[in-house]
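Here's the structure we're looking at; comments come further down.
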Amino acid sequence: MAKTGIAISGADEMRKLLKGLPKRLQNRVMTKAVRAGSGEIRKALKSAVPSVKKFTTSNGFTFSSSQLKKEISNKVRKGKGGDKYAVIITKDGFPWHWLEYGTLGYRKKPLSKARSAKAQELAEKGSGDKRMGVKKIPFARAAFAGARRKAFQVMVSKLVEEIPKEIAKVVKRGKL
């Protein structure tokens, strides 16, 4: 089985250079790099959203793939120890997982817990050609896997670009 990986020449030097910067500058540079990298993944996710006919749930929520494309966003968060990481979210909690994993009306494997009587009735009502819900169309995991390498490259290039800019700003101001 072939192993794949990404090798960056000068990664140790980059890490040492970042550690040598004041914490405030490290945060700014890392935030910009992580935001740029996660932006590539966000673009890949938006382009990978499959088209699904528009439907409305029983509680009035309207679901369409065009709406999902509008909702996908990326945010940079601060983890333990000050590490930066990105999350790809939907702005209003849009249920993208309906497409990724499907809904109960299309589920082929039985649930680990028994359905309620009402849910079982709805599932049986929606069987055959008149199925209710959304068919499983996995797109997010494949889009992430395809964009991961490019996102990493964008992060590295953003670091290389931003470190000298931030150092120049500090030198120009004359204070840390």
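Values in this text are rule-based calculations from the coordinates and carry no lab data. The model shown is predicted, which means the values in this text are computed figures rather than measured ones. Cβ sites come from the backbone with ideal geometry, for glycine too, and all protein chains shown count toward neighbours.
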Review point. Which of the aspartates and glutamates could a cross-linker span from K158 if the Cα-Cα distance has to be under 20 Å and same-chain partners fewer than 8 positions apart are dropped?
Key: D12, E13, E40, D83, E166
Review point. Taking the Cα-to-Cβ direction at R141 and at K113 and moving 7 Å from each Cα, how far apart do the two end points lie in nm?
Key: 2.3 nm
**Study point:** At most 10 other Cβ within 10 Å, DSSP loop - chymotrypsin sites (Phe, Trp or Tyr not before Pro), the stretch 35-99
**Key:** F61
**Study point:** Separation in nanometres of the label points that stand 7 Å from Cα toward Cβ, at K16 and K75
**Key:** 3.8 nm
**Study point:** In the stretch 42-87, trypsin sites (Lys or Arg not before Pro) in a DSSP loop with at most 12 other beta-carbon atoms within 10 Å
**Key:** K53, K54
Review point. If you keep only loop residues by DSSP, which trypsin sites (Lys or Arg not before Pro) in the stretch 137-176 have at most 15 other Cβ atoms within 10 Å of their Cβ?
Key: K175
